[in-house]
1. May I ask for the longest run of the chain untouched by chymotrypsin sites (Phe, Trp or Tyr not before Pro) that are loop-located per DSSP and have at most 12 neighbouring C-beta atoms (other than their own) within 10 Å?
2. May I ask you to list the lysines whose Cα is less than 24 Å away from that of Lys60, ignoring any residue fewer than eight positions away on the same chain?
3. What number in nm² do you get for the chain if you take the convex hull of its Cα atoms and divide its surface by four?
4. Within the chain, what whole-number % of the accessible surface is contributed by carbon and sulfur, with the 1.4 Å probe and all protein chains included in the calculation?
5. Around Ala92, which amide H atoms from residues at least 5 apart in sequence, or from another chain, sit under 5 Å from its own amide H, with H modelled in the peptide plane?
6. If you take the C-alpha gyration tensor of the range 39-123, multiply each eigenvalue by 5 and take the square root, what semi-axes do you get, largest first, in whole Å?
7. Could you derive backbone 3J(HN,Hα) for the range 123-131 from the dihedral phi with the Karplus parameters 6.51, -1.76 and 1.60 (θ = phi - 60°), listing whole Hz in sequence and x where the residue is Gly or Pro?
8. Around Leu130, with a cut-off of 12 angstrom between Cβ atoms, what is the net charge of the other residues, counting Lys and Arg +1 and Asp and Glu -1?
Amino acid sequence: MTNVFGQHRPEIPYQPIAELLAQHARRDPAKIAIVDLEQDSSISYGALEAAVTDIACALKQRGVTKGSRVLLLSDENLEKLLIWLGVWRLGAIVAPLNIELNATLIADLAVSVGPVLTLVHKDLDGSALLAGKPFVRFGNYSSDPAAADPQDDLFRTMARGVAAASM
């Protein structure tokens with residue numbers, strides 16, 4: 001039987017997210033990597049690689065390992081993408097839920113996902129959405145821990161400047 005979809009061979013070989021970010025950070029550290037128009041913010045490749053490594057370390061300290069699942073409840077924003085990349089950096093699985101679903105369905109899906117960690121943006125009512133299940137709140141990311149929001153339990157408490165080799 002022939003493959004009706006053809007023989008897909010990527011022109012660029014697979015590389016883990018950590019290697020890709022490190023390459024871009026070395027080559028163009030000041031070049032803008034991501035722009036969030038709604039928040040009027042951006043992040044360079046150098047800062048992105050550092051942030052993703054720091055976030056991965058923080059997630060690892062909270063029990064996230066390769067293959068584990070992380071539930072992510074957030075509107076679309078830069079922090080959601082940073083966390084997503086941090087989860088992938090560890091080889092874990094991110095399960096982003098559409099926050100426009102009703103709270104009962106979100107709570108049911110959260111149980112089905114069976115996450116080792118649930119992250120909820122600070123603007124959402126995590127207790128109501130998750131029917132009292134535990135979660136960690138996050139807000140706006142800053143490379144400066146002193147600038148972190150007091151309601152932020154992820155970025156406010158995480159170490160900065162983690163060596164990529166320690167991951």
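The values are calculated or read from the model by the stated rules, or taken from the named source; none is laboratory data. Remember, predicted model here, so these are calculated numbers, not experimental data. So basically every Cβ, Gly included, is an ideal-geometry build from the backbone, and we count neighbours across all protein chains shown. The accessibility values were calculated without ligands, DNA or RNA, using every heavy atom of the protein model including side chains. Shrake-Rupley method; radii C 1.70, N 1.55, O 1.52, S 1.80 Å.
1. Between exposed loop sites, the widest span is 15-167.
2. By straight Cα distance, Lys60 reaches Lys80, Lys122, Lys133.
3. Projected over every direction and averaged, the Cα hull of the chain covers 12.5 nm².
4. Roughly 55 percent of what the probe reaches on the chain is carbon or sulfur.
5. Here Gly67 satisfy the definition.
6. 22, 17, 8
7. 7, 9, 8, x, 4, 6, 5, 10, 6
8. Computed value for this residue: 0.
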